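J.: Below is a structure I'd like to ask you about.
The values are calculated or read from the model by the stated rules, or taken from the named source; none is laboratory data. Computed from a prediction, not measured in an experiment: that's the story for all the values here. As a convention, Cβ positions derive from the backbone with ideal geometry for all residues, glycine included, and neighbour counts pool all protein chains shown. Heads up: the accessible areas ignore ligands, DNA and RNA and are worked out on the full protein's heavy atoms, side chains in. Shrake-Rupley method; radii C 1.70, N 1.55, O 1.52, S 1.80 Å.
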Amino acid sequence: GPSEAAASNDDQTWVAPVDGACPDGSPVKAKLSSGIFHVPGGLAYERTNPDRCYETPAAAEADGLRASKR
């Protein structure tokens, strides 16, 4: 229907970090300045202060981000 054209948070693939950390359900940390995302266990994961949090690496990639090299 016509309402589908309106932007809604239902289509949002990420959640905002809480106190610089990602919630349990969305552990993938993304930095918009670098366009890179970090997965748990990665070298820079713990020190990364995320702009967005994703459930999966695929969700971050779908938003145009790329995986950290390490």
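J.: Which residues, counting only those in the range 33-70, are touching a Lys or Arg at 6+ places or on another chain (Cβ under 7 Å), in contact (Cβ under 8 Å) with a residue 24 or more places away in the chain and not small (Gly, Ala, Ser)?
T.: Within the range 33-70, Ile36, Phe37, His38, Leu43, Pro50, Asp51, Cys53 meet the criteria.
This table checks each residue for (1) assigned to a loop (DSSP other than H, G, I, E, B); (2) β-branched (Val, Ile, Thr); (3) open to solvent by 30 Å² or more (accessible area, probe 1.4 Å); (4) closer than 18 Å to Lys69 by Cα.
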residue	(1), (2), (3), (4)
Pro23	yes, no, yes, no
Ser26	yes, no, no, no
Ala30	no, no, no, yes
Ser34	yes, no, yes, yes
Phe37	no, no, no, yes
Pro40	yes, no, yes, yes
Tyr45	yes, no, no, yes
Thr48	yes, yes, no, yes
Ala58	no, no, yes, yes
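J.: Same structure again: For the condition modelled with pLDDT of 95 or more, more than 9 Å from the chain's Cα centre (by Cα) and hydroxyl-bearing (Ser, Thr, Tyr), what is the one hit in Ser33, Ser26?
T.: Result of the check over Ser33, Ser26: Ser33.
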